[in-house]
1. Within region 89-101, is there a residue that is over 14 Å from the mean Cα position of the chain (by Cα) and in a loop (DSSP other than H, G, I, E, B)?
2. Residue check, residue 151 against (1) within 17 Å of the chain's Cα centre (by Cα); (2) not in a helix (DSSP H, G or I), all met but one. Which one?
3. Within the set of pairs 6+ apart or on separate chains, which have a first residue in region 147-172 that is on the phi < 0 side of the Ramachandran plot and modelled with pLDDT of 95 or more, a second that is surrounded by fewer than 17 Cβ atoms within 10 Å (Cβ to Cβ) and in a helix (DSSP H, G or I), and C-beta atoms under 6 Å apart?
4. Could you list, in sequence order, the residues of region 2-32 that are more than 15 Å from residue 110 (Cα to Cα) and surrounded by 17 or more Cβ atoms within 10 Å (Cβ to Cβ)?
5. Going by the structure shown, is residue 72 outside any helix (DSSP H, G or I) and farther than 30 Å from residue 194 by Cβ?
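The values are calculated or read from the model by the stated rules, or taken from the named source; none is laboratory data. As the structure is a computational prediction, the values presented were derived from the model and not from experiment. Because the Cβ atoms are built from the backbone with ideal geometry, glycine has one as well, and the counts that use them run over all protein chains shown.
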């Protein structure tokens, strides 16, 4: 149940920034929203460090949204950093695609992979979770391609989906909320210049 709560929260919050960016004529509005949320997370991160008991109280009342044992930074903080990186430094279409891949691919990989993934890789990722991640990225990418103002080739979507899946699968010591979108957006930018 906690997985569903956390991933529903992530899809809800994670979709806000690409959607705002899609409908904005500049980067300013999505960046303002991101900085607002980053400010809130800075307060939570600081509170977690100076009063660890406060995080336990928040986690108990979060209905599964917060992890019991977070990493160095909370997943949401890493997620916001990845959003800022993609939106600031990359073209709109590619940034939106990478952020959608992170939001939906990661959620589906967990929701399907945790309960149904019997065959596991060395890092506890499941084959079915990784396949779900890839298919979700590919399908959401194809939907994005059909939208006006999104300029992406099929090859960019395909290679971006594969890249995001591989990054999620690899056993980096860094939270995948911080690695999936930035690595994917860089690869997609390179591919978009070729195809």
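1. Yes: region 89-101 contains one or more residues that are over 14 Å from the mean Cα position of the chain (by Cα) and in a loop (DSSP other than H, G, I, E, B).
2. Status for residue 151: all satisfied but (1).
3. 152/145
4. Step one: filter region 2-32 for residues more than 15 Å from residue 110 (Cα to Cα), giving 12-32.
Once the filter is applied, which keeps residues that are more than 15 Å from residue 110 (Cα to Cα) and surrounded by 17 or more Cβ atoms within 10 Å (Cβ to Cβ), region 2-32 yields 14, 17, 18, 21, 22, 30, 31.
5. For residue 72, the condition - outside any helix (DSSP H, G or I) and farther than 30 Å from residue 194 by Cβ - is met.
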